[in-house]
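Heads up, the thing below is written out as structure tokens.
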Amino acid sequence: MLVVMVVVCVAVVMVRQAGQGVWGNGKGTIEAGRVGRLAGQEEDTGDPLGRLVVLVREFETFDNDVGETVTSVLRACGGLCRAAVVSDQVVYPPLVLPPRVPSVVLTPDLLRPRPNIHHLLSGARHVLLLPDGARCSSSAQLRDLVHLLEGGDAQVVAVGVGGTPLTCHRYTLQVAAWTLTVAPAPQSEACDAVSGRAALLLHTKDLLALTHPMARPLPLSIGVQGAARGWKVHVGRGGLLGEGRQLFSTEHLRWKKEGLEEERRRALYESLGIKKVVSSGGDVHWYGCTRTTPRCFPTVVQDTPQYLHLGRWTPPCCLEGLRATARHVFQVLKGCRARWWLEGGTLLGAVRSGDIIPWDYDVDIGIYAADVERCPAIKAARWQTLEDGEGFVWQRAPDGNFFQVHFSTANHLHVDIFPFTPHGGTMTRDGAWSTGHRQDVDFPEHFLRPLAAVTFAGVLASAPNNVRDFLELKFGPGVIETPQYPNPDLPLPHNLTALLHT
């Protein structure tokens, strides 16, 4: 009988530990769905704290005050609210949490399923996202936050932690251009987003409607996602939350924390499709491709890049790489005294805006075939791939009788150089036209006698004379005033059609 009892006890322990994948804390395992009380069984006391869930998401495993933070808020709400701690991975060293407060792990593994955030927040009307180290002094403080949210037009109420006030921002989010522009909003209580140590209160339904509700850093994540939905953040100027013990007190801990924050910021921007951030001071921060990484899109099919199918234009980092490559090629061609000019869609972009068409993926240049002999880089590229002294790569195109200059060995953003030969006053391509593009046609040489100049990518570039006639010969009447995507018959997301005329 004793042996049987021991076996049963061991079996129970093993079962409980196996279930710890999603829910667990330093004092044992919590069943899924239990956070203070059983989820979905809140007492309808009429007190807003009875339908409040507090989530501690912003903390570091190597230095934190999570246990006391949770204890503080549970004490303040008098046992009416629920609380949970949310992390990407199993927290180590383990957290010591109050009883019945779960530690929710977002990342699944072989034996641990992905948690159901909707179930975690079942029955809750409000969610308070509380940063580590915050201290709540009373239930009145929490009720005031709820009343601010319920009584105003904002979707988020933000309140600072400790003595440092929050900074209010205006966000301009250009989704198609992959760009976020941040501007200050001083002395305002209605912001698009805040920065600083902030506790954020939202309606549960709003939080769950976000595509990345638990993405860190939370103030930035909710600010960007909220800006895309027209949300506003009300900044509570009074009633700052208190602060617990000092965290990250050494230079090494601060360095470690800052490195992790930058990693999270990059991961967040990648997941939200943001590749360029213009700060309030005008500085530009890039989160896309570089010379040491591949470009942001794969091989183009049917003349329609992948990003158009996503409802986006050319990523701004790719446009920067194309501009840099084009300016380099211009310098080389000028240096060898070649006769060259902007071609096709590149010329069209120069005439319309002095830049690359916002959805284009390469730069096209024409050159007199006889002048190829004057340019050592192009001449050498006939037989071999050449990386020049500035890291640009010259090669003969694998699928045609023309040349390409790549941004780098890793990043294949490129400029196409098409040789043309005059025959009886008509400029013809060396080799048959094989691209299938409407604009790839022969044209009279008089458009190049003399060459003109246009502004392109911040510099002057050679161009045909009578450029309107040249472009209408290539594309058709009214092409300058009537933009269209490269494959008009291909269905694209509806937002792109509207953007053509903005």
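The apolar share of the surface of the range 87-151, taken as the fraction of accessible area on carbon and sulfur atoms (1.4 Å probe, ligands and nucleic acids excluded), comes to 60 percent.
Aspartates and glutamates near Lys232 by alpha-carbon distance under 16 Å, same-chain residues fewer than 8 away left out - which ones? Leaving aside aspartates and glutamates fewer than 8 places away in the same chain, those within reach of Lys232 are Glu150, Asp153, Glu189, Asp192, Asp206.
Under conditions of 10 °C and 1.306 mPa s, the chain yields 59 µm² s⁻¹ as its translational diffusion coefficient, taking Rh as the Kirkwood radius over Cα pairs in the Stokes-Einstein equation.
Among the protein heavy atoms of the range 333-440, carbon and sulfur supply 50% of the accessible surface, probe 1.4 Å, non-protein parts ignored. Where Rh denotes the Kirkwood radius from the mean inverse Cα pair distance, what is Rg over Rh for the range 228-335? Value, to two decimals: 1.12.
Debye calculation, C-alpha points only, no solvent: report log10 I(q)/I(0) for the range 396-502 at q = 0.14 Å⁻¹, in the same order as the q values. Calculated log10 I(q)/I(0) at the listed q: -0.80.
Ordering Tyr92, Tyr171 by accessible surface, largest first, gives Tyr92, Tyr171; the 1.4 Å probe counts only protein heavy atoms, with every chain in place. Accessible area per residue for the chain is 47 Å², calculated with a 1.4 Å probe on protein heavy atoms, without ligands, DNA or RNA. Using the alpha-carbon positions of the range 115-154, Rg (one decimal) and Dmax (whole number) come out as 12.5, 32 Å.
Given a cut-off of 14 Å, what percent of all Cα-Cα pairs of the range 333-385 lie beyond it? The share of Cα pairs beyond 14 Å in the range 333-385 comes to 59 percent.
Note on surface exposure: Glu60, Glu262 rank Glu262, Glu60 by accessible area, highest first, 1.4 Å probe. Using the Stokes-Einstein relation with a Kirkwood hydrodynamic radius computed over Cα pairs, the translational diffusion coefficient of the range 181-287 at 37 °C and a viscosity of 0.692 mPa s comes to 211 µm²/s. For the chain, the longest principal axis of the alpha carbon atoms and the long axis of helix 218-228 meet at an angle near 50°. Along each principal axis, taking the top coordinate minus the bottom one, the Cα set of the range 31-185 gives 44, 42, 30 Å in descending order. Note: relative contact order over the chain, using C-alpha pairs below 8 Å and six or more positions apart, is 10 percent. Residues Lys232, Lys334, Lys275 ordered from highest to lowest accessible area at a 1.4 Å probe: Lys334, Lys232, Lys275. Based on DSSP H segments of at least four residues, each scored -39500 (n - 2.57), the chain has a per-residue ellipticity at 222 nm of -8500 deg cm²/dmol.
A straight line joining the Cα centroids of the range 352-403 and the range 211-271 runs 45 Å.
Using a Förster distance of 22 angstrom, determine the FRET efficiency expected from the C-beta separation of Gln302 and Asp469, and round it to 0.05. According to the calculation, E is roughly 0.15.
The values are calculated or read from the model by the stated rules, or taken from the named source; none is laboratory data. Here the structure is a predicted model, which means the values were calculated and not measured. Positions of Cβ are backbone-derived with ideal geometry, glycine not excepted, and every protein chain shown enters the neighbour counts. All accessible areas refer to the heavy atoms of the entire protein, side chains included, with ligands and DNA or RNA removed. Shrake-Rupley method; radii C 1.70, N 1.55, O 1.52, S 1.80 Å.
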